[in-house]
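Step one of this worksheet: look at the structure below.
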Amino acid sequence: MFVKLGWAEKVVESFLEAFPDADLFTLIYDEKKVSTIFPKNKINSQVFNLKTQKIYNLFWKQRLCLPYMALSVEQLDFSMYDVVLCSSSWFTHWAITKPETKFIVYYHSPSRYLWDYTNEYKKSIWFSSGIKSYFLNNLFLKLRIWDFIASKRVDLPIMASKHVAKRLKKYYKRNDYKVIYPSVEVEKFINYKDLEKKDYYITVAALTEWKRLDILINAFNKMTDKKLKIVWVWNYESEYKKLIKSKNIELLWFKSWIELIELLKQAKWFLFASEDDFWISPVEALASNTPVFALYKWWALETNISWITWEFFEDSNWEDFLEKFKNFEKNIENKVYKKENLIKQAKKFSKQNFIKEIQNIVKNI
């Protein structure tokens, strides 16, 4: 779905750089929000006749399109293509292709709303109890069955991380996968001018319940002498504002890539508190010469090198956050984290590497 320009959309942008003549399909297209990267004339005309697109045009809410996702994706006609390359975190892997068509799916995640984040999703749309919850549970039951069946149509699943691979093995029972980390435009951060570090810490995240920004806010409510900038605002803005008890915590809108680069480069270090599949922002932080302080779980174990590019806390309930934070701060002051090590690690996830790997897969499948 093209309803925002985020990190998953950057992967699709890399697909188009790898295959500039390819046709582009989506279930929902919001021209105002994405046309700078995905112009309307690049979108296949079938998209504008889909039920999901028509519902979105009426209400401008992607969640209202949920009951029509399966119908819409299976209506798309891919019969003229030899290879279909799909970027999926919701339902696009449900596409139907001919037996001779090679169907490759890049999984950012199994659909979080159907599997491991179902309860959080219901809370976020106020469907967690009563008759609304009953109807949503029945819908999700049908969608899970459909989702599992659809996963068997894929010729080659590509996983965004090893953790995603574990989850897809659990939910879809697929073992024939390849792991390719998402593309990160590290050169954009590395080649930007050096900026002097300022006295603040930063995180970049959508304000959703499972990003666990409450951990960071609660910690900085206690450390009032330290500044925290939270970049990017979304559904839970009002809830998180209620948690903020001190003026040292600032919520910022994500405005431009130049602004983001400068914010990351000037930060003392990058903070990340949740368990996630793969998150591009910490890699962008490394490319900005900003080390990472994160929860010792999931993707973070794949993208960082302990005590060289990052430090960590281990308790998901943040009981050890403050103690480990102080240790990390001492290492910052002692200049333990070398710029050359941070950038070397970030380069492993460059867009160029990603494009080469995707091109080789499509060529040799």
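Read the figures in this text as sums done on the coordinates, not as results from a lab. Since the model is a prediction, treat every value here as computed from it, not as a measurement. FYI the Cβ positions are ideal-geometry reconstructions off the backbone, even for glycines, and counts take in every protein chain you see.
Quick check on my link table: of K245/K330; K10/K351; K142/K173; K245/K335, which ones sit more than 20 Å apart, alpha carbon to alpha carbon? Numbers along the way, then the final one.
Values: K245/K330 26 Å; K10/K351 10 Å; K142/K173 18 Å; K245/K335 31 Å.
Check vs 20 Å cut-off fails for K245/K330; K245/K335.
Per-residue extension of 0.36 nm, minus the Cα-Cα distance of T118 and K142, leaves a gain of 7.3 nm for this segment.
Distances between every pair of Cα atoms in the chain, grouped in 10 Å steps from 0 to the bin holding the largest one, split as 5, 23, 32, 26, 12, 2, 0 percent. Structural descriptor for the chain: relative contact order 14 percent, calculated from alpha carbon pairs under 8 angstrom and at least 6 residues apart. Each residue of the range 10-19 was assigned a 3J(HN,Hα) from its phi angle through the Karplus curve 6.51 cos²θ - 1.76 cosθ + 1.60 (θ = phi - 60°); the sequence is 5, 5, 5, 4, 5, 4, 5, 5, 6, 9 Hz, with glycine and proline shown as x. Taking label positions 7 Å along the Cα-Cβ direction at both K173 and N221, the computed distance is 4.6 nm, reported to one decimal. Between E13, E187, E259, the Gaussian network model of the chain with springs among Cα atoms under 10 angstrom shows the greatest mean-square fluctuation at E259.
For the range 1-152, the relative contact order is 16 percent, taking Cα pairs closer than 8 Å that sit 6 or more residues apart in sequence and dividing their mean separation by the residue count. A straight chain from N191 to K339 at 0.36 nm per residue would run longer than the Cα-Cα distance by 52.0 nm. In order along the range 332-346, the Karplus-derived 3J(HN,Hα) couplings, from 6.51 cos²θ - 1.76 cosθ + 1.60 at θ = phi - 60°, round to 4, 5, 8, 6, 5, 8, 8, 4, 4, 6, 4, 5, 4, 5, 4 Hz, and Gly and Pro are given as x.
Translational diffusion coefficient, Stokes-Einstein: compute it for the range 1-109 using the Kirkwood radius over C-alpha pairs as Rh, at 25 °C and 0.890 mPa s, and state it as an integer in µm² s⁻¹. It would help to have the intermediate numbers written out before the result.
On the way: Rh = 14.2 Å.
Rounded, D is 173 µm²/s.
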